[in-house]
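The values are calculated or read from the model by the stated rules, or taken from the named source; none is laboratory data. Predicted, not measured: the structure shown is a model, and the values here were computed from it. Using ideal geometry, Cβ is built from the backbone for each residue, glycine included, and neighbour counts are taken over all protein chains shown.
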Amino acid sequence: MLSIIQAAGWPIWPLVACSILALALVFERFVALKTARVAPPKLLDEAISVSSRSVPTPEVVSQLAQNSALGEVLASGLRALNSNPQSTEADLRAAMEGTGRTVAHRLEKYLTALATIASAAPLLGLLGTVIGMIEIFGSQAGTGAVGGATGGGNPAQLAHGISVALYNTAFGLIVAIPTLIFWRYFRSRVDEYLLTLELASEQFVRHISRLRK
């Protein structure tokens with residue numbers, strides 16, 4: 001692998017940096033977007049059960065908020081009701097929607113960076129290709145006519161230019177394709193979570209509205 005990087009020349013180093021960054025972001029998103037950390041399947045039922053008779057205490061609400069992203073959204077409705085028992089359903093929904101926007105922003109964290117790497121990697125590979133072609137033509141231009149005979153060019157420089165061009169093209173695609181796949185996967189996963197949060201919030205706000213009455 002090191003020999004390939006050396007053969008590809010300096011243009012490959014930005015691609016190496018992109019590949020390391022993409023790998024780190026993919027790992028971070030896999031950890032951050034676990035179902036248990038975003039929307040545990042039974043959390044809504046548990047929250048409804050706990051608040052079925054009365055508004056939970058602030059300590060219970062804080063535990064709910066620390067449970068997951070969904071718990072944070074549900075807890076915001078209970079906090080609004082604790083702070084103002086006369087809150088209307090619109091007030092509760094507004095409080096939960098505000099928290100939901102914050103949670104959505106956190107779930108989408110680094111997705112733009114992954115999309116940027118997926119878009120930039122082929123262009124960086126193309127840049128390496130162009131630089132390799134420049135080296136090829138430069139090696140040919142450096143040989144001229146001597147005593148009426150034309151030189152045959154420098155085979156070593158020619159081979160180096162070709163290797164720079166091909167290695168960078170290939171490496172750019174190697175970085176871009178998996179990054180694009182992971183970006184689309186995380187994007188669909190976040191969209192699914194946001195729909196789950198929205199539906200759960202709507203169900204819970206109706207529940208605590210009945211509790212207020």
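Assorted remarks:
- Residues of segment 90-99 satisfying the condition of being in contact (Cβ under 8 Å) with a residue 24 or more places away in the chain and either in contact with a Phe, Trp or Tyr (Cβ under 6 Å, 6 or more places away or on another chain) or farther than 10 Å from V205 by Cα (or both): E97, T99
- Beta carbons closer than 9 Å, at least 6 apart along the sequence or on distinct chains, pair a first residue in segment 70-89 that is closer than 15 Å to R206 by Cβ with a second that is among the basic types (K, R) for G77/R93; L81/R212; S87/R212; T88/R212; E89/R206; E89/R212.
- Screening segment 114-135 for residues that are over 24 Å from the mean Cα position of the chain (by Cα) and surrounded by 22 or more Cβ atoms within 10 Å (Cβ to Cβ) and picking the one that is modelled with the lowest pLDDT gives G132.
- Set A7, A69: member being surrounded by 14 or more Cβ atoms within 10 Å (Cβ to Cβ), modelled with pLDDT under 90 and not polar (S, T, N, Q): A7
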